[in-house]
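What follows is calculated from the coordinates using simple rules that are stated; it is not laboratory data. Quick caveat, the model's predicted, so the values are computed rather than measured. Every residue, glycine as well, gets a Cβ built from its backbone with ideal geometry; the counts of neighbours run over all protein chains shown.
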Amino acid sequence: MASIWLDKLKLPMTLVVLQVLFFILFAVFVDYSDDASPAAITPKTMNGNGTEPMEEETEGSNSLHAYYGMFQDVHVMIFIGFGFLMMFLKRYGFSSVGLNMLIAALAIQWATIIGGLVHNHGKSFTVDVTSMLTADFASAAVLITFGALLGKTSPLQMVIITVVEIVVFSVNEYIGVEVFKAVDIGGSMFVHAFGAYFGLAVSRVLYRDDVEKSDKEGSVYHSDMFAVIGSVFLWMFWPSFNSALAVEDAQHRAVLNTYFALAACCVATFAISSLVDRNGKFDMPFLSNKFKIHDTCGVNNLHGMPAIMAGITGAIVVAMADTKTYGTTLYRQFPAMAPTSSNDTDWSIMGLEPEPGKGRSAGQQAGYQIIALVVTVVIAIVSGLIVGFVLKCTPCLSQPSGSNLF
Amino acid sequence: MASIWLDKLKLPMTLVVLQVLFFILFAVFVDYSDDASPAAITPKTMNGNGTEPMEEETEGSNSLHAYYGMFQDVHVMIFIGFGFLMMFLKRYGFSSVGLNMLIAALAIQWATIIGGLVHNHGKSFTVDVTSMLTADFASAAVLITFGALLGKTSPLQMVIITVVEIVVFSVNEYIGVEVFKAVDIGGSMFVHAFGAYFGLAVSRVLYRDDVEKSDKEGSVYHSDMFAVIGSVFLWMFWPSFNSALAVEDAQHRAVLNTYFALAACCVATFAISSLVDRNGKFDMPFLSNKFKIHDTCGVNNLHGMPAIMAGITGAIVVAMADTKTYGTTLYRQFPAMAPTSSNDTDWSIMGLEPEPGKGRSAGQQAGYQIIALVVTVVIAIVSGLIVGFVLKCTPCLSQPSGSNLF
Amino acid sequence: MASIWLDKLKLPMTLVVLQVLFFILFAVFVDYSDDASPAAITPKTMNGNGTEPMEEETEGSNSLHAYYGMFQDVHVMIFIGFGFLMMFLKRYGFSSVGLNMLIAALAIQWATIIGGLVHNHGKSFTVDVTSMLTADFASAAVLITFGALLGKTSPLQMVIITVVEIVVFSVNEYIGVEVFKAVDIGGSMFVHAFGAYFGLAVSRVLYRDDVEKSDKEGSVYHSDMFAVIGSVFLWMFWPSFNSALAVEDAQHRAVLNTYFALAACCVATFAISSLVDRNGKFDMPFLSNKFKIHDTCGVNNLHGMPAIMAGITGAIVVAMADTKTYGTTLYRQFPAMAPTSSNDTDWSIMGLEPEPGKGRSAGQQAGYQIIALVVTVVIAIVSGLIVGFVLKCTPCLSQPSGSNLF
């Protein structure tokens, strides 16, 4: 009886301890960015020149206005898109939406803290609307992992996995972005590939011989309809996901390319669906059933392999990029390709003042992109395997009986 | 037979009369704001100086662009969020979404008219995107009241309540904002506390001994799923609700604070839910069941008490606010704290030209915030009780039989 | 057996051929607009004047920022709004959402290509965020046609209809906008009237004596709830649909007018619904049932007649428009009414430099608006009849058995 009570207390206590830890870390390390901080009043005595009015911050200059719309699109993808997409497993409706929300809420806070600390080398850092965006991106990686483990892990295990994965995610993203200077605007490598292979590695260790199909894994009509809502929201807002952190004309291109690519993929998907279906009918849940046999929601097919292909394609494209085609945008998009010193080039003509780059050639940048991709997959698999083994050797983290799974 | 026909005519006739009244009042009192009015052509003869081109209105200067994105987020909260949240009562699905939509559509028009008349002392007034926002906020108060009366009032009664509540709401908001110069960006006091206590007061008078639980009050699986959709949409767009009418860096902070607070609350809620649940499972509808016993959808717990706590917290925080921390934003956020005359201060340095304030100290402003909160709760309860008694003494406004309730 | 395989191959092969065709046409004819193209680097040697910095493109000047928010609202209307609205037919849930998505994905790509070619007289053209908006508008016309044919056409027939309709749509829109210089911001004529009468004409030819009601045409509770989600999303984002392509104060007015008109229509609809319902209850699916008897989803009542009335009303209003009321906005909104030469007027004072117009009077513009409306309806009906006859005479395009319908 006492042990049952202890069992019941494990999850809520873990959540409370984590949330209190988040509060403390926020209080110690986090501040508002300049955009979110009040404009200081400069007293006359400190100004010296009393006639010069302080430059008033104009409405448009606040980064909130530039990013908030797309942030909300991404936010809807995380909580409606992923949440309802994962509802297709029978009787897991509430659990999946709820657990999706809990995991995302944990991941968002933890990613803000860990991401900020990693990028600022352990010093205090600031938050603004772009840090909200990157926190949502990080939670997307964890939710892709969640997809690979759906129906196979206890909530407590998922909470532990979330906490560990965000740390590894942030370190890997730091290595890719800051060390290799790789660029991954849509998150193919650092979000999709990382989340997928981390999750598949955990799954592999935990359920080596768990191949029998539980009868719970079927899907029912109405759960499927909610999954359709989820996937349509993911589909619609994908241009925002892929372009939110890009700049100006590159952002505009990212929106256009994603928009047309999604429309083309939609046509191709229905062509294949109609081909393989017995009656030549369209069947959206049928599509997902195709993938469900081996890894529940097809994380490898949906996120893993496409992300690797996207990473390789990105590297190929950057290998062919030059300033003749991309102009100054090339250096803003791939800062490491900018000349090492302003003296080498015609910055003054361009009216731009980027930081000096590393003077990489297109081929070099492509090489670093590939290295970042390989490192991401290796780190994801190795850390996922370790997390899987630790969870396997810590039986107290799992639910006592199979019927309470989830 | 004739009386049944008369009964049937009461609701549609009331709606038609109200809508015709709205048309007339719009025609008489409402005009477009400057932002929504065509730029006048100044003929040469009237200009005198023909060489000076009229300043062209630039795209970015139209207030539509600054507010429309967040307005649509709030709009989704009102019609999807509230609409589906209230679906959890068994068999009330269609009724609650439909009645929610009707009430909001009435409240939006009526609040535009009454709010405009009250703030302009009975003179004609203008509408723009911010008046759309405040009309949506007013409808939120009525929908919170609706939540307290769900399943207990006829549509006709709800229409009457809407018409009366919007008038009292607007007067109370005028008193709070214009007389006490209290500031309530997220609407804790004027929207949540007012709507909740108005509704609870009406409910108290109408159903003093109506404690037995109707078997209709249960909930079914799929209705609950729609309620989950509603609450997730409310959750996601709350940062927009809380920040839509704030300015610049204050708006950015409101977004950040709401975003992180919601994530933290989500974790805490699941911790508690997991603790009280028999099986240690997550159960989102379970959460709402907790609150359903006493006042249907927990209006006091969800809106009333939290709003009072928010109002008090706001007063405490403003009592500690000074220009050292908040700079010029303090005066834009709390205009009554601005110096009484521009001569007293260094406006010219700040490049700002706010209207002269009342020179309130932080403690004085905190006092007025508390007064506004107390007045709001008192007005809400007293007017709610009066509306309840009037409805109780006007049996022709209720539905003839219990089976047609709703 | 072979013929069954051939039958099964027809749809996927058609989709593959179309998609490959789209790829080729995109490669040959489509380029990024300036807003989406990288800023060119002007080398020193080519500039001549090395001291003058190139004008940096500022964040706000990219048209993406001005249009993307409203584009996403329209996008949600197309895929969630139309998709779920069409779910109310029993057992067609998945099919209608899926087929809606396929048709929209085809229409978006094809409309981009055909619309671009028509407006550029067969020469290559550019795409940007506004071309995404117009492509979504074109897909709305096809989806309205789809509504008139729901449950009566095979997917293959709908694909053929989509391909033909987009061509006729683009030609008609070109005639209306470029030849008659008619203005139709909300798409009443070119989208709603065209889509409705095209679909009704196809339906008339294909199903002349198909009046018996299939038992599949009923609706079930939960499908209806999804249809309610669809219609609420359409309702909420309509202000974006109607104003997305309008400018400045005209856009602001379009938002305000649509917002208040929708609220008033909502009240009127519930008054009528409550009047006709047996029990005086609100019943949202009941509303749609009213229209379902004759043309499935009431395309004539919902889109056809209202669009004609809107077109006529628009002509009446423009007949009374002058610069005293609308100022310079009049010429931006109705460019054909602008003076033929800048010498005639006071452009320099206004700080505007529009292209010279046609000097039309208000009455002339109204006449052209009516001509565009009549031409639209005639083209829609004639082309719809032709498509219907062709489909009727091409039995291989229809599904073999009724049970596979859809």
message: Within 10 Å of each Cβ in B:192-205, how many Cβ atoms from other chains are there, averaged over the peptide?
response: 0
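Fewest Cβ neighbours within 10 Å first, please rank C:322, C:136 accordingly. List each step's numbers first, then the result.
Values: C:322 11, C:136 23.
The order, fewest Cβ neighbours first, is C:322, C:136.
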task: Rank-order C:246-257, C:178-189, C:71-82 by packing density, defined as the average count of other C-beta atoms within 10 Å over each peptide's residues, highest first.
output: C:71-82, C:246-257, C:178-189
query: From the backbone phi of the range A:15-32, what are the Karplus-calculated ³J(HN,Hα) couplings (6.51 cos²θ - 1.76 cosθ + 1.60, θ = phi - 60°) in whole Hz, Gly and Pro given as x?
result: 5, 5, 4, 4, 5, 5, 4, 4, 4, 5, 5, 4, 4, 7, 10, 9, 9, 6
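Averaged over B:10-19, how many beta carbons belonging to a partner chain fall within 10 Å of each residue's beta carbon? Display every interim value, and only then the final one.
On the way: counts 2, 8, 10, 3, 2, 10, 5, 1, 2, 7.
Whole-number average of other-chain Cβ neighbours for B:10-19 is 5.
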- prompt: Which shape class, rounded, prolate or oblate, goes with the range A:67-182 when its Cα gyration tensor gives a ≥ b ≥ c as root eigenvalues, a/c under 1.5 marks rounded, and past that a/b bigger than b/c marks prolate?
  reply: prolate
statement: Residues B:260, B:241 in order from fewest to most other beta-carbon atoms within 10 Å are B:260, B:241
message: If you scale each eigenvalue of the Cα gyration tensor by 5 and take the root, what three semi-axes come out for the range C:152-192, rounded to whole angstrom and sorted largest first?
response: 26, 11, 5
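Go through C:104-110, B:304-310, C:312-318 and give me the packing order, highest mean Cβ count within 10 Å leading. Don't skip to the answer; put the middle values down first.
Values: C:104-110: 26.6, B:304-310: 18.9, C:312-318: 17.1.
Those peptides, ordered most packed to least, come out C:104-110, B:304-310, C:312-318.
So if each residue of separation counts as 0.36 nm, and I subtract the Cα-Cα distance between residue A:257 and residue A:385, what length gain in nm does that give? The partial results should precede the final answer.
Details: separation 128, 0.36 × 128 = 46.08 nm, distance 3.58 nm.
Between residue A:257 and residue A:385, full extension yields 42.5 nm more.
With the cut-off at 29 Å, tell me which of the pairs A:8/A:392; A:181/A:392; A:123/A:152; A:10/A:152; C:152/C:181 have Cα atoms farther apart than that.
Values: A:8/A:392 20 Å; A:181/A:392 36 Å; A:123/A:152 38 Å; A:10/A:152 18 Å; C:152/C:181 37 Å.
Cα-Cα > 29 Å for A:181/A:392; A:123/A:152; C:152/C:181; rest within.
Using a 10 Å cut-off on Cβ to Cβ distances, tally the other chain neighbours for every residue of C:151-162 and report the average as a whole number.
Numbers: counts 0, 0, 0, 1, 5, 2, 0, 0, 2, 0, 0, 0.
Across the residues of C:151-162, the mean count of other-chain Cβ atoms within 10 Å is 1.
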statement: Sorted by chain and number, the residues with a modelled amide H under 5 Å from that of residue B:31, at a separation of 5 or more or across chains, are B:125, B:126, B:127
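What ranking of B:102, A:6 emerges when the number of other C-beta atoms within 10 Å of each C-beta is taken as an exposure proxy, fewest first?
Lowest to highest Cβ neighbour count: A:6, B:102.
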